[in-house]
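For reference, the structure is listed below as structure tokens.
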Amino acid sequence: MDVVFAHRGRVVTGSDLAMIRALIAAHPQATRRALSKHLCAAWQWVQPNGCPRDMVCRGLMLGLHRAGLIALPPPHHRPPNPLARRRPPAPVAIDRTPVRGALADLGAMELVQVRRTAHEPLFNALLAAHHYLGYTQPVGAHLKYVVYAGERPLALFAWSSAPRHLAPRDRFIGWSVHARRHNIRFVAYNTRFLILPWVAVEHLASHLLARMTRRLSADWQSLYEHPIYFAETFVDPERFRGTCYRAANWVHLGNTTGRGKDDQTHRANRSRKQVFGYGLHRRFRELLSEVR
């Protein structure tokens, strides 16, 4: 196979390149966005939920253009970057009366998935105000949860698409590079877990983690039309010991290198994180190693 270019796991061969050049020539008035949609349709390149992989396709075509392999039309317009100019979440006023006592004293608790709901601003504001890492808008597939006892928020969970390369996880699963590229969408990353600072209830964190992992795959399936087979997270050992994850039967997989995903120096530039993982399906290794 004469591969001439690769982007995000998608390879472009010489025949693919000829086809893309012919597509551009056949649509001389099309914008870059329109051309990427034409290419997605020609390749039948879609996400698991059926939507075109338009943004990835645009990145691929831009990479080909910058490499001098194709000639794209000039940009039609340059929209402002909403992430660069995003306003921080507005503070919210809620009851901060201390919550103490035993787990059983809390009564019924509800985990509410709040992404794309009226509760999402509350999640954003509480995370921005009380998590040591603050709030950043997730990119890609993600879910947000607020845990309520009655009408009072107790805790927050945030989940997102998993990092593409994570050596301790990849060794633990034992999948091939090809299988990882194909199946990384079946792994979810717990980016934030916050018990609100006025809540101090023994065993609450591990209890909520256990409940969260029992429903995560079904909720992901509902929104993104595919399940989750494995969950992972990072724990900063300079701040935490990962006690609640261990108590909820998560496995310590190893440590990060401390270099970050875009490192070019091969030297640690941040604290090394502990990597914890949890299989959401008894056959998670087999399922994540399959390539259909």
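Looking at Arg53, Arg21, which one is modelled with pLDDT of 85 or more, of a type in the set (Lys, Arg) and surrounded by fewer than 15 Cβ atoms within 10 Å (Cβ to Cβ)?
Working: Arg53 fails: surrounded by fewer than 15 Cβ atoms within 10 Å (Cβ to Cβ).
Answer to the selection: Arg21.
Here's a check for you: in segment 35-50, which residue that is assigned to a helix (DSSP H, G or I) and exposed (fewer than 15 other Cβ atoms within 10 Å of the Cβ) is nearest to the chain's Cα centre (by Cα)? Step through it out loud before you land on a result.
The first filter runs over segment 35-50 and keeps only residues assigned to a helix (DSSP H, G or I), leaving 35-43.
Then drop every residue that is not exposed (fewer than 15 other Cβ atoms within 10 Å of the Cβ), which leaves 41-42.
Details: Ala41: 26, Ala42: 28 Å.
Ranking the candidates gives Ala41 first.
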Being without any contact (Cβ under 8 Å) to a residue 40 or more places away in the chain and under 15 Å from Thr191 (Cβ atoms) is the filter here, so list the residues in segment 147-163 that pass it.
Ala158, Ser160, Ser161
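Among the candidates Ser222, Ser176, Ser160, which residue alone is out of contact with any Pro (no Cβ under 7 Å at 6 or more places or on another chain), surrounded by fewer than 20 Cβ atoms within 10 Å (Cβ to Cβ) and under 20 Å from Gln47 (Cα atoms)?
Working: Ser176 fails: under 20 Å from Gln47 (Cα atoms); Ser160 fails: out of contact with any Pro (no Cβ under 7 Å at 6 or more places or on another chain).
After ruling out the rest, the residue left standing is Ser222.
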Among (1) surrounded by fewer than 16 Cβ atoms within 10 Å (Cβ to Cβ); (2) assigned to a helix (DSSP H, G or I); (3) modelled with pLDDT of 90 or more, where does Ala71 come up short?
(2)
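For segment 164-257, which fully contained helices (runs of 4 or more DSSP H) count at least 2 residues that are closer than 25 Å to Asn124 by Cβ? Working first, answer last.
Details: elements: 167-173, 177-183, 204-224, 243-247.
Because the criterion is at least 2 residues that are closer than 25 Å to Asn124 by Cβ, the helices (runs of 4 or more DSSP H) in segment 164-257 that meet it are 204-224, 243-247.
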Those residues of segment 19-34 which are touching a Leu at 6+ places or on another chain (Cβ under 7 Å) and in a helix (DSSP H, G or I) amount to Ile20, Leu23, Ile24, Arg32
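The values are calculated or read from the model by the stated rules, or taken from the named source; none is laboratory data. What you are looking at is a predicted structure, and each value in this text was computed from that prediction instead of being measured. Glycine gets a Cβ as well: all are built from the backbone with ideal geometry, and neighbour counts include every protein chain shown.
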